[in-house]
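S.K.: Starting off with a structure, shown below.
The values are calculated or read from the model by the stated rules, or taken from the named source; none is laboratory data. In this text, all values refer to a predicted model and were calculated from it rather than measured experimentally. Cβ placement follows ideal geometry from the backbone for every residue including glycine, while neighbour counts extend to all protein chains displayed.
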Amino acid sequence: MTSRAHQYSYLGSKVPVMAAEKYSASMEHVLLAGARADAEAEGLTLSSWLADATADRLRLKALHRLVDEWEAEHGAISVAELDALEDKVAEARRSARERRRPAGGEAGRAVAS
């Protein structure tokens with residue numbers, strides 16, 4: 001299975017696009033129904049949704065390998081370290097939400113400069 005990258009021009013810039021390969025896959029009805037419903041809710045084709053899900057799965061496996069390698073060198077990550085990381089992630093999410101809020105809490109109001 002080899003794919004060739006093609007160059008397509010979009011407003012003067014070259015964008016590499018991989019040629020798609022057709023395939024057939026089988027899965028349980030309930031999984032397919034869930035995938036179709038989620039794809040539709042996200043405005044994606046089933047093929048695009050499946051490609052995204054596959055990419056997510058491959059990234060997750062790579063992350064697991066990275067953690068395994070790190071733990072082999074440095075020892076297991078402790079519960080305390082995981083808790084501290086969860087706290088940092090939660091704080092980063094709160095901070096990001098606050099940055100997205102309009103100043104003064106008035107959504108949709110234009111401010112003259």
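For every residue, the table says whether it meets (1) small (Gly, Ala, Ser); (2) loosely packed, with under 10 Cβ neighbours inside 10 Å; (3) at pLDDT 95 or above.
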| position | (1), (2), (3) |
| --- | --- |
| Ser47 | yes, no, no |
| Ala55 | yes, no, no |
| Gly75 | yes, yes, yes |
| Arg101 | no, no, no |
| Gly105 | yes, yes, no |
| Arg109 | no, yes, no |
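S.K.: On the given criteria, is Lys14 in contact with a Phe, Trp or Tyr (Cβ under 9 Å, 6 or more places away or on another chain) and either loosely packed, with under 10 Cβ neighbours inside 10 Å or at pLDDT below 95 (or both)?
M.R.: When the stated conditions are applied, Lys14 passes them.
S.K.: I'd like to check something: does the range 33-44 contain any residue that is at pLDDT 90 or above, surrounded by fewer than 10 Cβ atoms within 10 Å (Cβ to Cβ) and assigned to a loop (DSSP other than H, G, I, E, B)?
M.R.: Looking through the range 33-44, at least one residue is at pLDDT 90 or above, surrounded by fewer than 10 Cβ atoms within 10 Å (Cβ to Cβ) and assigned to a loop (DSSP other than H, G, I, E, B).
S.K.: May I ask you to list the residues in the range 54-85 that are under 20 Å from the mean Cα position of the chain (by Cα) and more than 30 Å from Leu31 (Cα to Cα)?
M.R.: The one that is under 20 Å from the mean Cα position of the chain (by Cα) and more than 30 Å from Leu31 (Cα to Cα): Leu85.
S.K.: Sticking with this structure for a sec: Taking the stated definitions as given, is Ala51 hydrophobic (A, V, I, L, M, F, W, C), in a helix (DSSP H, G or I), modelled with pLDDT under 95 and within 30 Å of Leu31 (Cβ to Cβ)?
M.R.: Criteria met by Ala51.
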